[in-house]
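Just below is one structure, and these are the notes that go with it.
The values are calculated or read from the model by the stated rules, or taken from the named source; none is laboratory data. Just so we're clear, the structure is a prediction, and the values are computed from it rather than from any experiment. Here the Cβ positions follow ideal geometry from the backbone for every residue, glycine too, while neighbour counts run over all protein chains shown. For the accessible areas, the whole protein counts, side chains as well, though only heavy atoms, and no ligand, DNA or RNA atoms are used. Shrake-Rupley method; radii C 1.70, N 1.55, O 1.52, S 1.80 Å.
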Amino acid sequence: MYLIINGPNLNLLGTREPEIYGNRTFADYLSELRKALPEVNIEFFQSNSEGAIIDRLQAAGADPECRGIVMNPAAYTHYSIAIADAIAAISTPVVEVHISNIHAREEYRRHSVTAEKSRAVIAGCGLDGYELALRYLQAVDKQQ
Ligand code: DQA
């Protein structure tokens, strides 16, 4: 099983700043992703709350069935030491995904405290970044 975690405001994908994040809902993307990767069991969790994201990371870290995590921490990326600590506390590989290229936006988006604790980062590939991250995590799992 692979887990996708989306942070705050990503529940509004489809209507939120479509010029940056596109006009597709995540539910629509996820159903297509599951069809593209039928052999992969994908769980999905979204929360607007820091503590709930930390609780989900800890639970995934304690679950041997969870082989990898794709996480878009959204704005928490830039300042949540607590989420960064939760990533560091588990051995499950985490790939950080950003829909937009955070390096080509406001200065405050260029630094990621959570990326420092993540296995890899994908930014600026739009929603395709989630699929790329999943494929990478599958490759990592096969190497083990
Ligand atoms: C984001 C980039 C963040 O800076 C922003 O706060 C988000 C979305 C992205 O996917 O591009 O909410 O993580």
Return one whole number: the accessible area per residue of the chain in Å², for a 1.4 Å probe. 49 Å²
Could you list the GluC sites (Glu not before Pro) in region 17-57 that lie in coil according to DSSP, counting only those with at most 10 other Cβ atoms within 10 Å of their Cβ? E39
Taking the full set of protein chains and a 1.4 angstrom probe, give the accessible area of R24 in square angstrom, rounded to the nearest 10. 70 Å²
The Kirkwood hydrodynamic radius of region 67-144, taken as the inverse of the mean 1/r over all distinct Cα pairs, in Å, comes to 12.6 Å
What is the log10 of I(q)/I(0) for region 10-144, computed with the Debye formula using one identical point scatterer on each Cα and no solvent, at q = 0.11, 0.13, 0.17 Å⁻¹? -0.37, -0.53, -0.95
Projected onto the charge dipole of region 24-127 (unit charges on the beta-carbon of Lys, Arg, Asp and Glu, signs +1, +1, -1, -1), the Cα from N101, I87, T114 with the largest positive-side position is that of N101
A 1.4 Å probe over the protein heavy atoms gives the chain a carbon and sulfur accessible-area percentage of 49 percent
Once amide H atoms are placed 1.01 Å from N in the peptide plane, what residues at a sequence separation of 5 or more from F44, or on another chain, have their amide H within under 5 Å of its amide H? I4
Provide S31, S100 ordered by accessible surface of protein heavy atoms (probe 1.4 Å), highest first. S31, S100
For region 37-102, restrict the atom set to alpha-carbon positions and state the Rg and Dmax in Å. 12.0, 35
